[in-house]
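See below for the structure under consideration.
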């Protein structure tokens, strides 16, 4: 049985749990979850906030919605539930939505509701980081442990590749092109396989 390795912001996998009732679907993250390597979380919903809900941003140490109401307690409650869930599942890595007041790992909106970004972490991201979690976003793509590049029959490895296999834990997925690998994938090791010349 496959064991999940990541907590994943549910909106990235297509769940319509954003404040406006929409998703932030990301194909690569959704595939990871579909393969069984990610468990979905939404700290804001887990903290008791509704879908849809009034947009929230951080203002100092508080989280305030656009109507001026303080939602800090809900954000903190959701973050604590996420941490507890991760510990129950033995997970120490998370793929989180960029810029979110809950999940942003490097930047968040500045609290002016003008879409201006500042350096900082969302409430949940900050709690996970403080507890030793490895944090990634949908943009950093650190998802694959092993990548195997294979040349086609009768072609030497140095002449080009026509298939790419990436291992997410125990599963292998075949992609038709290897070109995106250099810029789009981070992994622990790369294995090159070449069939003999015919």
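For the range 68-139, what D do you get in µm² per second when you plug the Kirkwood radius from alpha-carbon pairs into Stokes-Einstein at 37 °C and 0.692 mPa s?
Estimated via Stokes-Einstein, D reaches 263 µm²/s.
Run a plain Debye calculation on the range 1-67 (Cα atoms as equal point scatterers, no solvent) and give log10 I(q)/I(0) at q = 0.20 Å⁻¹, rounded to two decimals, same order as the q list.
Normalising to I(0) and taking log10 leaves -0.82.
State the extension gain, in nm to one decimal, for the chain segment bounded by residue 139 and residue 115, taking 0.36 nm per residue of separation less the distance between their alpha-carbons.
So the extension gain works out to 6.8 nm.
In vacuum, with every alpha carbon of the range 24-128 counted as one equal point scatterer, what does the Debye formula give for log10 I(q)/I(0) at q = 0.19 Å⁻¹? Two decimals, please.
Once normalised to I(0) and log-transformed, intensities are -0.96.
Estimate the FRET efficiency between residue 3 and residue 50 by the formula 1/(1 + (r/R0)^6), using the beta-carbon distance for r and 30 Å for R0, to the nearest 0.05.
That gives a FRET efficiency of 0.40.
Calculate, in nm to one decimal, what residue 80 and residue 107 gain on full extension: separation in residues at 0.36 nm each, minus their alpha carbon distance.
7.7 nm
Could you give the length gained on full extension between residue 70 and residue 87, defined as 0.36 nm per residue of separation minus the Cα-Cα distance, in nm?
Going from the current span to full extension adds 3.3 nm.
Counting DSSP beta bridges in the range 6-137, what percent are antiparallel, to the nearest 5?
40 percent
Read-outs throughout are calculated quantities, based only on the coordinates presented, and are distinct from any laboratory measurement. Keep in mind it's a predicted model, so treat the numbers as computed, not measured. Cβ atoms come from the backbone with ideal geometry, glycine included; neighbour counts cover every protein chain shown.
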